Amino acid sequence: MSMVQLLQTNAQAAPAKPRPRVRLLPYLLSLPALLVCVAILVPFVTAAVYSLQRYRLNLPYLRGFIGAGNYIDFLSDPAFWNTFRVSITYTALTVVLELLLGLGIALLLRRPTRFHNAVSIMLLLPLMTAPAIAALMWKLMTNPSFGILSYLVGLFGVTDFKWASDPSSALFTVVLVDVWVYTPFIMILLLAGLRSLPRQPFEAAALDGVPASFVFFRITLPMLAPYIITASLFRLLDSIQQFDIIYAMTQGGPGDRLMVFQVQAYLEFFQYTNVGRSAALLMILWLITNILSNIFIKNWLRLRARAHGHA
């Protein structure tokens, strides 16, 4: 073998050194995730620090560290417990109603026909509307003087129905708007889950003449449970932080009838200029959502493990 052939053979056998650009590629790919993490952590840490201070924008000379003072004040504040009660009630009503309606619509559209696909696309239209715009639209439709919905209920003998301007019907009105906007979200998730379920159990039940109620409660619901939990978790986290619909329609009123966490925090900051209390409210809201999401995720993992035969 000549010297030239020997050098060519060694050159081919030697491993190629990684280029500097290739070595930087993993860091460049992870940069967006790092920026998102920083963008989340900086406001979170800032809010946590402000929640431990006496901080009012109109009284800057009184600013100082008070530890858990803001949180302790909430324990004896009836307005806070009203906010807590209204937020939980609103969240429970919207999630339960949207889950029931979304599941019912998904069951009706479970067969992948052209008609069902067209109907499912049409039902997604409310979800494409911004919540604030939807709230303003419903505010006009429920106006007692010229609203189309007020006119329609008047045909059934219900006159002078105040909708969101009456404390007795304000919660019903905003829940109605929330259900109209977000039920398609639940529907499309559960519809995807229904269409992905294996067909063998249902075919076997049909051959054996099993009643439809038994198939629904003993086969469909258990297999669909992970999808139901996922959809409920998404809606729960969104409903308990609801701001757009409630503020656009009632600003938390009448009185404090719809004073949820996000609206109360907004008013504490921009109307009362109390940054410390506003930040403390948001930190309490974060704690509640963190606890609820952990409960849902644990149940989802347990159901997934049972489905794979590990539990």
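The values are calculated or read from the model by the stated rules, or taken from the named source; none is laboratory data. Note that the structure is a prediction, hence the values are computed from the model and not measured. Every residue, glycine as well, gets a Cβ built from its backbone with ideal geometry; the counts of neighbours run over all protein chains shown. Please note that ligands, DNA and RNA were not included when accessible areas were found on the heavy atoms of the full protein model with its side chains. Shrake-Rupley method; radii C 1.70, N 1.55, O 1.52, S 1.80 Å.
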Practice problem: Determine the gain in length on full extension of the stretch ALA79-GLN200; use 0.36 nm per residue of separation and subtract their C-alpha separation, reporting nm with one decimal. | Solution: 38.1 nm
Quiz prompt | Top of THR142, THR94, THR113 by mean-square fluctuation, Gaussian network on the chain, Cα under 10 Å | solution = THR113
Practice problem: Compute the projected area of the convex hull of the Cα atoms of the chain, averaged over all viewing directions, and report it in nm² to one decimal place. | Solution: 31.2 nm²
Exercise. Hand me the trypsin sites (Lys or Arg not before Pro) from segment 166-241 located in a DSSP loop with no more than 13 other Cβ atoms within 10 Å, in residue order please.
Key: ARG199
Quiz item: For segment 168-252, which whole-number percentage of the solvent-accessible area (1.4 Å probe, protein heavy atoms only) is attributable to carbon and sulfur atoms?
Solution: 67 percent
Quiz item: Using the heavy atoms of the protein chains alone and a 1.4 angstrom probe, what is the accessible area of the chain per residue in square angstrom?
Solution: 61 Å²
Self-check item: Ordering of 171-182, 206-217 by burial proxy (mean other Cβ atoms within 10 Å per residue, highest first)
Solution: 171-182, 206-217
Quiz item: So for TRP81, TRP163, what's the accessible-area order with a 1.4 Å probe, most first?
Solution: TRP81, TRP163
Quiz item: What part of the accessible area of segment 24-162, given as a whole %, is carbon or sulfur when the probe is 1.4 angstrom?
Solution: 76 percent
Exercise. List every DSSP H helix in the chain whose Cα atoms extend 24 Å or more along the helix's own long axis and whose mean Kyte-Doolittle hydropathy is at least 1.6.
Key: 20-50, 170-196
